[in-house]
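Here is the structure we will look at, set down as structure tokens.
Quick note: the coordinates plus some simple rules give every number you see, no bench work behind them. In this text, all values refer to a predicted model and were calculated from it rather than measured experimentally. Backbone-built Cβ (ideal geometry, glycine too); neighbour counts: all protein chains shown.
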Amino acid sequence: MNAATVETQIRDRLAALAPEVLELIDESALHVGHAEATGGGHYRLKIISAQFAGQSRVARHRMVYAMLEPLMRHHIHALALVTQAPGEPVGSCEEDIMAFMAEDFAATTNVDEKTRQAIAPRLREHLQKIAEQQVPITYRELAKALGLTPPNTIHQVTEALEHLMAEDAAAERPFIAAIVISKARGGLPAPGFFDCARRLGRFAGDEAGPEAWAFHAGEFNAAVSFWAATAATGRSG
């Protein structure tokens with residue numbers, strides 16, 4: 001499928017959103033020769049739709065990904081999204097444009113419980129080692145360190161991280177998942193981290209607002225302190 005056909009397919013599939021504005025830019029030429037340019041196009045997409053009113057950023061992105069799912073498996077490598085409701089200022093929803101790699105999209109692909117439970121203990125063990133270094137790790141670095149295999153390696157990580165968050169909340173421990181960050185968000189975890197923290201009763205703000213930065217800083221520091229000490233105690237025991 002050539003680029004023109006992919007663009008037509010994207011517009012046709014998103015027509016169901018009845019967008020007031022749909023701006024699509026093919027930036028594939030900017031990524032020629034890059035290590036991550038292994039196939040599929042790089043696109044920047046802005047959509048203004050009444051169907052986004054009252055929806056979180058994560059929910060909006062999931063709507064878009066659900067519609068583009070067949071294309072994202074083979075024809076879209078990366079997609080940068082801005083999603084707005086009519087009359088919504090950019091600053092109130094998405095001044096920072098979020099980029100997601102197609103192999104890692106989480107809109108319609110769920111990791112089964114057996115896989116999640118198999119990954120989670122390995123994930124916690126590795127993050128405890130990272131905690132001792134007192135530095136964060138990215139989702140992609142973590143997927144690589146665990147040797148996860150495609151497709152959807154980042155989504156495998158995020159699903160397992162949410163499993164760990166539920167365990168930590170039940171045990172009243174700091175979220176070890178706070179050690180994992182996204183470069184695309186400037187050092188914050190992905191929005192799913194904050195959504196999960198909200199469901200678990202620990203966070204009540206905007207995942208892109210200043211409260212998110214304050215919450216993450218507190219959780220990161222607490223997690224590093226707690227889990228590094230736990231790892232040290234385990235060795236001494």
Estimated inter-spin distance, Thr149 and Thr8, nm [label 7 Å along Cα→Cβ]: 3.8
Residue exposure sequence - Val21, Val6 - by fewest surrounding Cβ within 10 Å: Val21, Val6
Potential extension, Arg173-Ala29 segment - 0.36 nm per residue separation minus Cα distance: 47.2 nm
Label-point separation, Thr138 to Ala50 (7 Å along Cα→Cβ), nm: 4.1
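Multiply the residue separation of Ala166 and Met1 by 0.36 nm, subtract the distance between their alpha-carbon atoms, and state the gained length in nm to one decimal.
55.2 nm
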Centre separation in Å (Cα based) which lies between region 130-169 and region 53-89: 23
